[in-house]
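Bear in mind these aren't lab numbers, they're just calculated from the coordinates by the rules spelled out. These figures come from a predicted structure and were not determined experimentally. FYI the Cβ positions are ideal-geometry reconstructions off the backbone, even for glycines, and counts take in every protein chain you see.
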Amino acid sequence: MGAYRSKKLAILLVGLTILACFIPVFVTDLYTCAVCGKSRSLTQVFGFTIEASDSETPCSLWYDMNVESCRDHVWVRGTWRETKGLFSFPNIGSNISSRATGPLIRFGEGERLLIYQHSPDVRDARNVFLGLASWETDARRRRQQERLELELAEWVDSGFVGPLPQIGH
Ligand SMILES: [Zn+2]
């Protein structure tokens, strides 16, 4: 009887271990700062942050040198997520657009650097970026935000011809 029980327990433990390997325990999301363009990778286990590592981008280095050092980063979550089970296996990445917390994600850091460099006033570009940092919930403001996103993309495509698009017109 005792041997039977311990055999059952062993099978259960092996089963749980195998299961634990495949359950996505570690969740890593990528963020970008709407102000300076620094990037952050944030790893969570069951909603608790266990690791956050920031890395400079050409945009954040430029911002730091030419504008100011970014004191309060405004993090916008991107579309990319990586999940891992225990023992780092399996390692699964997925790109889901609804994961982004704001339309700014459409503009990469390299593009945002160019927008900064082509704006007569850095503060105007920063306001545009902050206006796109998180989705508007109000329908009217959401439409204004969509228009801004579109106009900004067109401005980039045109090679920065004409004035920088502004929020809410
Ligand atoms: Zn920042």
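Measuring nothing but alpha carbons in the stretch 81-169 and taking Rh as the Kirkwood radius, the Rg to Rh ratio lands at 1.11. For the stretch 58-105, how big is the tail of P(r) above 16 Å, as a whole percent of Cα pairs? Across the stretch 58-105, Cα pairs with separations above 16 Å total 61 percent.
Helical runs (DSSP H, four residues minimum) scored at -39500 (n - 2.57) apiece and divided by the length of the chain put the mean residue ellipticity at 222 nm at -13000 deg cm²/dmol.
Return S69, S98 ranked ascending by Cβ neighbour count within 10 Å, so the fewest neighbours appear first.
Starting with the residue having the fewest Cβ neighbours, the order is S98, S69.
The GluC sites (Glu not before Pro) found in the stretch 1-93 that occupy coil by DSSP, while having at most 15 further C-beta atoms within 10 Å, are E56, E68. For the chain, find the longest principal axis of its Cα atoms and tell me its angle to the long axis of helix 2-22, 0 to 90°, nearest 10. The angle comes out at about 10 degrees.
Projecting the Cα atoms of L86, Q144, W62 onto the dipole axis of the stretch 24-157, where Lys and Arg carry +1 and Asp and Glu carry -1 at the beta carbon, places L86 farthest toward the positive end. Just the number, please: Stokes-Einstein D of the chain in µm²/s, Kirkwood Rh from C-alpha pairs, 37 °C, 0.692 mPa s. Calculated translational D: 178 µm²/s. Please report S6, S39 as a ranked list, fewest other C-beta atoms within 10 angstrom at the top and most at the bottom. Starting with the residue having the fewest Cβ neighbours, the order is S6, S39. Each Lys and Arg adds +1 at its Cβ and each Asp and Glu adds -1 at its Cβ; summed about the Cα centre, the stretch 1-147 shows a dipole of about 840 debye. Shown here for the stretch 31-68: chymotrypsin sites (Phe, Trp or Tyr not before Pro) in loop regions (DSSP other than H, G, I, E, B) with at most 14 other Cβ atoms within 10 Å, namely F46.
Computed over the stretch 14-80, the range of Cα coordinates on each principal axis works out to 57, 18, 16 Å, biggest value leading. With R₀ fixed at 30 Å, the C-beta to C-beta distance from T83 to L114 puts the FRET efficiency at about 0.35.
Efficiency by 1/(1 + (r/R0)^6): what FRET value for R106 and L13, r their Cβ-Cβ distance, R0 = 45 Å, to the nearest 0.05?
That pair, R106 with L13, gives E of 0.40.
Subtracting the Cα-Cα distance of Q166 and Y4 from their residue separation scaled by 0.36 nm leaves 51.0 nm.
For a quick check: sort I115, I92 by the number of other beta carbons within 10 angstrom, fewest at the front.
Ascending Cβ contact count within 10 Å gives the list I92, I115.
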